[in-house]
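What follows is a short report on a single structure.
The values are calculated or read from the model by the stated rules, or taken from the named source; none is laboratory data. Since the structure is predicted, the reported quantities are computational estimates derived from the model, not experimental observations. Ideal geometry is used to build each Cβ from the backbone, glycine not excepted, and the neighbour counts take in all protein chains shown.
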Amino acid sequence: MDLKLKGRVAIITGGAGGFGSAIAEEYAREGVYTVIADVAINAAQELAQRVSQTYPASRSVAIQTDVTRKSSVEQMAQTAIAEFGRIDVLVNNAGLIQRRNVLEIDDAFWEKMMTINLRGAIYASQACIPYMADERYGGKQFGRIIMMSSSSADHASAGMTLYSTTKVGLEMLGQAISKEHGHQNIFAICPRFGIAPTPGWDFRSYADSLGLTYDPTQKDDDKRAVIEYYSKQLPMGKVGTPEEVARIVVLCSSYIMDPLINQTLNAWWGRG
Ligand SMILES: NC(=O)c1ccc[n+]([C@@H]2O[C@H](COP(=O)([O-])OP(=O)(O)OC[C@H]3O[C@@H](n4cnc5c(N)ncnc54)[C@H](O)[C@@H]3O)[C@@H](O)[C@H]2O)c1
């Protein structure tokens, strides 16, 4: 099936991270040009270089972007236009996955979680939508915004209150964008991913709050304990991978998903 994505331009915030780098690679495989926007500029540059070399039919550029700063996010959109002349897809992916029980949420944690996970997505959407809507860039109104949501937007877990709240907010942002800009062929899709561990996970705090047994002197034993715990709960007996996530994101960027405008999709490996 031809996804008709060849030649399109996608910005991935947090693009150098676990999901982001897999998404960049999967887009490149489909001939999509990518902007890897991340605070971690070295990792972003390495990734952009590797992807550009591996997939010569596409090109990837890195830009240091802090989604919590409006000027930085505006610069990100302007770079995409300067490099590629259009923005077709925005993946609002930059996000912090951290646990904190309700009674331990302080102002600093609130500020960090809310600004990266939610305000960042609002800034990025505000920066990209005007270009998606302007026929001078790309020749036709077109825009897909992928909100990287979570099973945590559907059901709360101990320690994940604020994270869940940001993901519900992200989904509402997506719905509002679709209602305000659907007539311009610009809309959001919100895949809710489940357990797919990446380097961003604080395995030690997961293991501790789940009461798991691990050897703290042995490298990555906390990670092993967490992955085993979740794997046992899932019907396929395994947690998800960034590559599986990336394929769903690419599919969500394609015209094939147009009938699913404004949907939340449960992509959580059967988690009950
Ligand atoms: N891993 C999972 O199981 C899972 C499940 C559901 C949803 N998600 C969501 O997917 C997204 C990516 O998760 P991940 O597991 O790849 O995390 P990750 O920690 O591996 O990657 C996050 C990236 O965001 C970047 N980043 C952090 N703050 C930033 C900022 N202010 N501006 C720009 N970039 C910033 C980091 O440098 C990092 O490269 C997140 O929004 C997360 O909530 C992850």
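Some notes on this structure:
- Answer residue from region 213-272, given it is hydroxyl-bearing (S, T, Y) and under 23 Å from A24 (Cα atoms) and is surrounded by the most Cβ atoms within 10 Å (Cβ to Cβ) among those: S253
- Any hit, region 134-143, residues being of a type in the set (F, W, Y) and touching a Gly at 6+ places or on another chain (Cβ under 8 Å): yes
- Residue in region 180-189 that is surrounded by fewer than 20 Cβ atoms within 10 Å (Cβ to Cβ) and either within 10 Å of the ligand (Cβ to nearest atom) or not in a helix (DSSP H, G or I) (or both) present: yes
- Residue check, P197 part of a loop (DSSP other than H, G, I, E, B) and more than 12 Å from the ligand (Cβ to nearest atom): no
- Considering region 76-109, the residues that are free of Cβ contacts under 8 Å to residues at least 12 places away in the same chain and not aliphatic (A, V, I, L, M) include one that is farthest from T13 (Cα to Cα), namely E104.
- Residues in region 1-34 that are within 12 Å of the ligand (Cβ to nearest atom) and in a strand (DSSP E or B): I11, I12, T13.
- You will find that of I81, I129, the residue that is assigned to a helix (DSSP H, G or I), in contact with a His (Cβ under 8 Å, 6 or more places away or on another chain) and either over 19 Å from I186 (Cβ atoms) or modelled with pLDDT of 95 or more (or both) is I129 and no other.
- Hey, V245 within 30 Å of K140 (Cα to Cα) and within 19 Å of the chain's Cα centre (by Cα) or not: yes
- Neighbours by Cβ (under 6 Å, 6+ apart or cross-chain): first from region 8-21, on the phi > 0 side of the Ramachandran plot; second crowded, with 24+ Cβ neighbours inside 10 Å and charged (D, E, K, R): G14/D38
- For N92: the one exception among (1) within 21 Å of Y27 (Cα to Cα); (2) within 13 Å of the ligand (Cβ to nearest atom); (3) at pLDDT below 95: (3)
- Residues of region 95-107 satisfying the condition of being surrounded by fewer than 24 Cβ atoms within 10 Å (Cβ to Cβ) and either within 16 Å of the ligand (Cβ to nearest atom) or under 17 Å from the mean Cα position of the chain (by Cα) (or both): L96, I97, Q98, R99, R100
- Residue list for region 1-15, restricted to those being of a type in the set (A, V, I, L, M, F, W, C), modelled with pLDDT of 95 or more and over 20 Å from A127 (Cα atoms): L3, L5
- Flag if S72 is free of Cβ contacts under 8 Å to residues at least 40 places away in the same chain, at negative phi and assigned to a loop (DSSP other than H, G, I, E, B): no
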